[in-house]
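Colleague: Please see the structure below; I have some questions.
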Amino acid sequence: MELLVYLLLSGLTTGSLYALIALGIVVVNKATAVINFAHGELFMFSGFVAWMLHVQMGVPYLPSLLAAVAFGFLLGAATDLIAFRPLKNANIISLVLATIGIAFMLRGTARVIWGGKGDYLPFPPITSPEPIMIGGIMVIPQQLAVLAGSIVIMVAFAAFFRLTRAGKMMQATADNAKAATLAGIRIDRIYMLSFGTGAAIAGAAAALMAPLTLLYPDMGFSFFIKGFAAAVLGGLTSLPGAVLGGISIGIIESLAGGYLHSSFIEVSAFIVIMFVLVVRPTGLLGSTRFRRV
Amino acid sequence: MTLKRCVKAGLSGLFLAVAALQPGQAQVPGVTADTIKIGSFGALTGPGYLYGKLPMNGIEVVFDQVNAAGGINGRKLELVREDDRCDPAAAIGAVKKLIHEDKVFAIIGGGCSNATVAARETLAEARIPVIIMASVHDGITTPVAPTIFSTALTSSLESAAMLQFALDQGAKRIAVISMRDAWGRSRYTPLIEAFQKKGIKPVLDEEMAPDANDATAQVLRLKGANADAVLVVLYPKPAAIFMRDAQKLGFKPLAVGQSGIADPAAFEDQVGSPGATASFRTISMVRYTPEDPAVDKWRKAIEAKFPGDRLSVFNLFGIGSAQVMVEGLKRAGPDLTREKLVAALNGLKDFETDVYPGGITCVETDHRCNKNPAWIAKEPGKPVRVLGVTKVE
């Protein structure tokens with residue numbers, strides 16, 4: 001029983017980070033029908049901004065996190081201006097290649113700026129590094145902070161999407177861009193807002209994740225793959241699906257590693273995804289409608 | 001024939017005549033009457049710079065010292081650096097440039113193993129003398145390439161030493177946690193062979209991905225198997241996650257690392273959990289920590305030449321390999337050729353450098369010239385210390 005509790009807790013923590021990355025991917029995809037392959041690098045870059053502020057400049061953690069979110073938003077909006085807007089009428093391959101180009105550019109820039117400061121950069125924990133006992137279970141407070149932070153961000157994002165005017169306009173554009181245009185919504189701005197919001201969530205995820213793991217310029221792609229897998233499992237157009245997909249992948253990995261063998265950690269989630277997609281091609285909560293805006 | 005053609009023909013003839021009249025020495029690539037050009041390749045940018053740029057800085061301070069003392073047989077040493085970014089394709093391009101464009105006489109280089117393995121064929125075909133400074137993959141030195149020597153440890157030597165060290169510390173239930181990418185396999189496979197040679201089996205054999213962010217599952221399995229020692233065949237990042245989660249779950253075995261985690265002080269910071277690395281031991285290619293007074297001379301040289309840098313073990317890798325190259329060049333004599341340098345390197349026996357744990361010995365049939373891994377550890381709040389040396393046969 002103790003083993004199961006430990007595995008579920010670790011799966012939930014890792015899964016909540018996957019969910020945050022998946023949310024960013026889905027937000028952009030819902031609005032533009034494009035997968036932003038630079039999402040992992042936006043995540044990485046924002047993480048380094050938080051590191052620079054908090055570790056190098058001594059800025060407290062919370063303002064550093066907020067700055068990473070703001071920076072992520074700006075970088076996402078810039079991705080829209082550079083890689084999406086000029087090509088929005090081009091075919092999907094061109095758009096995908098443009099986002100891959102942005103990814104390489106950001107990775108190269110990060111290598112130049114932060115690549116020479118250490119192989120893997122540590123980010124100090126925001127809570128006490130000493131493990132604590134909760135009901136007989138040893139927990140790192142940082143894990144609880146990440147879990148709580150992820151839940152707060154997901155709730156805040158859901159509120160933004162449902163309660164704010166900008167969120168509603170994003171939803172309307174995602175549902176029907178032509179109708180949204182006719183209703184007076186400037187969809188170019190909505191696309192920019194979508195790219196920015198997606199990257200801002202990635203920025204929050206990076207600042208939350210950084211104290212649990214380490215930062216390095218090539219980290220973006222592996223997180224993107226996990227986030228993308230979570231988004232696909234959830235349905236690629238469904239925001240609750242992204243959360244469900246991320247947490248499912250985290251828990252599947254953890255249980256497979258604990259009960260089968262650690263060699264199953266990396267493949268188990270993908271086996272489950274393949275099975276789900278065969279049975280339900282739209283993912284767990286995805287809709288059948290999928291169109292190119 | 002027009003006047004223009006006459007001038008062209010005349011200049012060509014003059015050029016050929018001048019070239020033919022040059023002394024024989026000028027035909028040796030990279031060697032002039034007063035200089036010897038030595039090339040180096042490794043990562044100058046990106047996360048692998050530790051194994052490229054920093055050893056190269058070490059080479060450069062050795063060359064400066066040699067040059068200040070008058071050079072080798074009156075020739076000053078010049079270092080030409082090329083960036084391979086730890087990328088196999090870039091490494092092939094870098095060594096081709098050093099050999100064919102820069103026309104270096106010899107090379108001290110090789111940081112990341114995958115890049116150096118890729119460049120090996122080009123280096124061997126060119127028959128240029130090479131001393132590998134940091135790459136550990138067995139495929140670089142085995143089978144023997146006549147002109148490629150290594151002063152770095154090799155992965156199979158380290159794997160054998162890891163098991164031996166755990167046994168020497170009295171471990172009875174030894175487990176393995178490893179990455180299974182190309183780097184990991186180059187160490188994991190000889191490690192399992194070392195177990196077989198000793199007639200024992202690991203109590204548990206776990207895997208971890210290079211980008212893993214959690215090791216709860218692995219730690220719980222190892223704890224359940226009552227492992228008293230874990231051989232850690234991981235990069236610093238997953239190893240840091242493993243050590244952190246081991247502490248979280250109250251699992252405190254002897255953790256035995258390898259030269260991929262060569263800086264225990266940096267590793268302690270990466271783990272970020274006080275006391276989590278107390279039982280961690282790892283391999284160093286060099287016998288001194290950067291703080292040791294024995295390397296004061298090199299600390300001062302590095303800090304003077306590269307302001308802002310502090311001496312690191314990676315600098316020491318370069319210093320050791322450069323000292324071996326310098327010794328080879330001295331022994332090759334004033335009438336320098338590549339063949340003479342190779343013969344001189346093949347004749348090194350128990351050559352002592354300022355940094356390696358034991359003497360450097362190269363023979364024609366075995367170019368793994370450094371077989372003496374040192375063991376280092378850092379207890380919480382204390383400096384890194386050298387525990388001892390394992391001689392691997």
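Colleague: Anything in segment B:184-202 that is over 17 Å from B:Ile241 (Cβ atoms) and within 14 Å of another protein chain (Cβ to nearest Cβ)? List them, or say none.
Modeller: The answer is B:Arg185, B:Tyr188, B:Pro202.
Colleague: Let me ask something else. Just for segment B:212-236: of the residues that are part of a helix (DSSP H, G or I) and surrounded by fewer than 19 Cβ atoms within 10 Å (Cβ to Cβ), which one is nearest to the other protein chains (Cβ to nearest Cβ)? If you could, list the steps in order and put the result at the bottom.
Modeller: The initial filter retains those residues of segment B:212-236 that are part of a helix (DSSP H, G or I), namely B:216-224, B:236.
If we keep only those that are surrounded by fewer than 19 Cβ atoms within 10 Å (Cβ to Cβ) too, we end up with B:223-224.
On the way: B:Lys223: 10, B:Gly224: 8 Å.
If we take residues in segment B:212-236 being part of a helix (DSSP H, G or I) and surrounded by fewer than 19 Cβ atoms within 10 Å (Cβ to Cβ), then B:Gly224 is nearest to the other protein chains (Cβ to nearest Cβ).
Colleague: May I pose another question? Residues to consider are A:Tyr18, A:Tyr6; find the one that is out of contact with any His (no Cβ under 6 Å at 6 or more places or on another chain), among the aromatic types (Phe, Trp, Tyr), within 13 Å of chain B (Cβ to nearest Cβ) and over 30 Å from A:Ile92 (Cβ atoms).
Modeller: Values: A:Tyr18 fails: over 30 Å from A:Ile92 (Cβ atoms).
Sole residue among the options that is out of contact with any His (no Cβ under 6 Å at 6 or more places or on another chain), among the aromatic types (Phe, Trp, Tyr), within 13 Å of chain B (Cβ to nearest Cβ) and over 30 Å from A:Ile92 (Cβ atoms): A:Tyr6.
Colleague: Let me ask another. Give me the residue from segment A:94-119 that is buried (at least 19 other Cβ atoms within 10 Å of the Cβ) and not small (Gly, Ala, Ser) and, out of that set, modelled with the lowest pLDDT. Step through it out loud before you land on a result.
Modeller: Just the residues of segment A:94-119 that are buried (at least 19 other Cβ atoms within 10 Å of the Cβ), to begin with: A:95, A:98-99, A:102-103, A:106-107, A:110-111, A:114-115, A:118-119.
Still in the list and also not small (Gly, Ala, Ser): A:95, A:99, A:102, A:106-107, A:111, A:114, A:119.
Numbers: A:Leu95: 88, A:Thr99: 92, A:Ile102: 94, A:Leu106: 94, A:Arg107: 91, A:Arg111: 83, A:Trp114: 82, A:Asp119: 66.
Taking the candidates together, the pick is A:Asp119.
Colleague: Shifting gears a bit: So, in segment B:169-211, of the ones that are outside any loop (DSSP other than H, G, I, E, B) and of a type in the set (Asp, Glu), which residue ends up nearest to A:Thr14 (Cα to Cα)? Don't jump to the end; show me each part of the working.
Modeller: Of segment B:169-211, the ones outside any loop (DSSP other than H, G, I, E, B) are B:174-178, B:182-198, B:205-207.
Next cut, of a type in the set (Asp, Glu) only: B:193, B:205-207.
Numbers: B:Glu193: 35, B:Asp205: 23, B:Glu206: 20, B:Glu207: 18 Å.
Residue satisfying both the conditions and the ranking: B:Glu207.
Colleague: Give the residue, chosen from B:Ser284, B:Ser312, that is closer than 26 Å to B:Glu352 by Cα and within 11 Å of chain A (Cβ to nearest Cβ).
Modeller: Working: B:Ser284 fails: within 11 Å of chain A (Cβ to nearest Cβ).
Going through B:Ser284, B:Ser312 in turn, the sole match is B:Ser312.
One line per residue, one yes/no per condition, for (1) within 14 Å of chain B (Cβ to nearest Cβ); (2) closer than 17 Å to A:Ser150 by Cβ; (3) of a type outside the set (Lys, Arg):
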| site | (1), (2), (3) |
| --- | --- |
| A:Leu208 | yes, yes, yes |
| A:Pro211 | yes, yes, yes |
| A:Met219 | yes, no, yes |
| A:Phe224 | yes, no, yes |
| A:Ala229 | yes, no, yes |
| A:Gly235 | no, no, yes |
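Colleague: Continuing with the same structure: Identify, from the list A:Leu193, A:Leu214, the residue that is over 13 Å from A:Ala19 (Cβ atoms), buried (at least 21 other Cβ atoms within 10 Å of the Cβ) and at pLDDT below 90.
Modeller: Values: A:Leu193 fails: at pLDDT below 90.
Only one candidate passes the filter, namely A:Leu214.
Colleague: Output the residues belonging to segment B:269-283 that are in contact with a strand residue (DSSP E or B) (Cβ under 6 Å, 6 or more places away or on another chain) and either more than 14 Å from B:Trp375 (Cα to Cα) or basic (Lys, Arg) (or both).
Modeller: Once the filter is applied, which keeps residues that are in contact with a strand residue (DSSP E or B) (Cβ under 6 Å, 6 or more places away or on another chain) and either more than 14 Å from B:Trp375 (Cα to Cα) or basic (Lys, Arg) (or both), segment B:269-283 yields B:Asp269, B:Gln270, B:Gly272, B:Arg281.
Colleague: Turning to a different aspect of this structure: Name the single residue, out of those in segment B:193-207 being aliphatic (A, V, I, L, M) and in contact with a Lys or Arg (Cβ under 9 Å, 6 or more places away or on another chain), that is surrounded by the fewest Cβ atoms within 10 Å (Cβ to Cβ).
Modeller: Step by step, filter segment B:193-207, then rank; the result is B:Val203.
Colleague: Let me ask something else about it. Just wondering, is there one or more residues in segment B:249-260 that are among the polar types (S, T, N, Q), in contact (Cβ under 8 Å) with a residue 24 or more places away in the chain, away from chain A (no Cβ under 14 Å) and more than 27 Å from A:Thr127 (Cα to Cα)?
Modeller: Initial filter on segment B:249-260 (among the polar types (S, T, N, Q)): B:258-259.
Narrowing the set further to residues that are in contact (Cβ under 8 Å) with a residue 24 or more places away in the chain leaves B:258-259.
Filter once more, so that each one left must be away from chain A (no Cβ under 14 Å): B:258.
Going one step further and asking which of them are more than 27 Å from A:Thr127 (Cα to Cα), we end up with B:258.
Yes; the residues of segment B:249-260 include at least one that is among the polar types (S, T, N, Q), in contact (Cβ under 8 Å) with a residue 24 or more places away in the chain, away from chain A (no Cβ under 14 Å) and more than 27 Å from A:Thr127 (Cα to Cα).
Colleague: Here's another thing I want to ask about it. Looking only at segment A:131-152, filter to residues that are touching a Pro at 6+ places or on another chain (Cβ under 7 Å) and more than 23 Å from A:Leu20 (Cβ to Cβ); which one of those is modelled with the lowest pLDDT? First the steps, then the outcome.
Modeller: Let us first name the residues in segment A:131-152 that are touching a Pro at 6+ places or on another chain (Cβ under 7 Å), namely A:132, A:138-140, A:142.
Next, only the ones that are more than 23 Å from A:Leu20 (Cβ to Cβ) stay: A:132, A:138.
Details: A:Ile132: 80, A:Met138: 76.
Ranking the qualifying residues of segment A:131-152, first place goes to A:Met138.
Colleague: In the set B:Lys305, B:Lys297, B:Lys340, which member is in the same structural domain as B:His137 (by TED's automatic domain parsing), surrounded by fewer than 15 Cβ atoms within 10 Å (Cβ to Cβ) and touching a helix residue (DSSP H, G or I) at 6+ places or on another chain (Cβ under 6 Å)?
Modeller: Numbers: B:Lys297 fails: touching a helix residue (DSSP H, G or I) at 6+ places or on another chain (Cβ under 6 Å); B:Lys340 fails: surrounded by fewer than 15 Cβ atoms within 10 Å (Cβ to Cβ).
Residue meeting the stated conditions: B:Lys305.
Colleague: Ok, one more. Taking B:Ala175, is it more than 14 Å from chain A (Cβ to nearest Cβ) and either surrounded by 21 or more Cβ atoms within 10 Å (Cβ to Cβ) or on the phi > 0 side of the Ramachandran plot (or both)? Don't jump to the end; show me each part of the working.
Modeller: Values: more than 14 Å from chain A (Cβ to nearest Cβ): no; either surrounded by 21 or more Cβ atoms within 10 Å (Cβ to Cβ) or on the phi > 0 side of the Ramachandran plot (or both): yes.
Considered against the rule, which asks whether it is more than 14 Å from chain A (Cβ to nearest Cβ) and either surrounded by 21 or more Cβ atoms within 10 Å (Cβ to Cβ) or on the phi > 0 side of the Ramachandran plot (or both), B:Ala175 comes out as no.
Colleague: Could you please find all residues in segment B:340-352 being in contact (Cβ under 8 Å) with a residue 40 or more places away in the chain and not in a helix (DSSP H, G or I)? Spell out how you get there, then give the answer.
Modeller: At the first step, the residues of segment B:340-352 found to be in contact (Cβ under 8 Å) with a residue 40 or more places away in the chain are B:341-342, B:345.
Passing the criteria: none in range.
Colleague: Sticking with this structure for a sec: Suppose we filter A:Ile137, A:Ile132, A:Ile93, A:Ile100 for residues that are within 21 Å of the chain's Cα centre (by Cα) and of a type in the set (Val, Ile, Thr); which single one remains? Lay out the reasoning, then the answer.
Modeller: Values: A:Ile137 fails: within 21 Å of the chain's Cα centre (by Cα); A:Ile132 fails: within 21 Å of the chain's Cα centre (by Cα); A:Ile93 fails: within 21 Å of the chain's Cα centre (by Cα).
Result of the check over A:Ile137, A:Ile132, A:Ile93, A:Ile100: A:Ile100.
Colleague: Further question: So B:Gly333 ticks every box in (1) surrounded by fewer than 20 Cβ atoms within 10 Å (Cβ to Cβ); (2) under 20 Å from B:Asp214 (Cβ atoms) but one. Which box is left unticked?
Modeller: (2)
Colleague: Could you list, in sequence order, the residues of segment A:56-106 that are of a type outside the set (A, V, I, L, M) and closer than 12 Å to A:Ser46 by Cα?
Modeller: First, pick out the residues of segment A:56-106 that are of a type outside the set (A, V, I, L, M): A:56, A:58, A:60-61, A:63-64, A:71-73, A:76, A:79-80, A:84-86, A:88-89, A:91, A:94, A:99, A:101, A:104.
Matches in segment A:56-106: A:Ser64, A:Phe71, A:Gly72, A:Phe73, A:Gly76.
Colleague: Let me confirm something: among B:Ala246, B:Ala240, B:Ala262, B:Ala322, which residue is under 19 Å from B:Asn372 (Cα atoms), modelled with pLDDT under 95 and surrounded by 23 or more Cβ atoms within 10 Å (Cβ to Cβ)? Quick ask: steps written out before the conclusion?
Modeller: Working: B:Ala246 fails: under 19 Å from B:Asn372 (Cα atoms); B:Ala240 fails: under 19 Å from B:Asn372 (Cα atoms); B:Ala322 fails: modelled with pLDDT under 95.
Of the residues listed, the single one that is under 19 Å from B:Asn372 (Cα atoms), modelled with pLDDT under 95 and surrounded by 23 or more Cβ atoms within 10 Å (Cβ to Cβ) is B:Ala262.
Colleague: Continuing with this model, one more query. Six or more apart or on different chains, Cβ under 7 Å: which pairs go from a residue in segment A:44-70 that's surrounded by fewer than 18 Cβ atoms within 10 Å (Cβ to Cβ) to one that's assigned to a helix (DSSP H, G or I)? Could you list them?
Modeller: From residues that are surrounded by fewer than 18 Cβ atoms within 10 Å (Cβ to Cβ), the pairs are A:Val59/A:Leu53.
Colleague: Just the residues that are without any contact (Cβ under 8 Å) to a residue 40 or more places away in the chain and not hydrophobic (A, V, I, L, M, F, W, C), please, taken from segment B:261-289.
Modeller: B:Asp269, B:Gln270, B:Gly272, B:Ser273, B:Ser279
Colleague: Scan A:Ala269, A:Ala231 and give me the residue that is closer than 27 Å to A:Phe48 by Cα and either out of contact with any helix residue (DSSP H, G or I) (no Cβ under 7 Å at 6 or more places or on another chain) or part of a helix (DSSP H, G or I) (or both). It would help to see each step written out before you state the result.
Modeller: Details: A:Ala269 fails: closer than 27 Å to A:Phe48 by Cα.
None of the other options fit; the residue is A:Ala231.
Colleague: Tell me which residues, restricted to segment B:47-81, are in contact with an Asp or Glu (Cβ under 8 Å, 6 or more places away or on another chain), within 15 Å of B:Ala134 (Cβ to Cβ) and outside any helix (DSSP H, G or I).
Modeller: Hit for segment B:47-81 is B:Gly52, nothing else.
The values are calculated or read from the model by the stated rules, or taken from the named source; none is laboratory data. None of these values were measured; they are calculated from a predicted model. Positions of Cβ are backbone-derived with ideal geometry, glycine not excepted, and every protein chain shown enters the neighbour counts.
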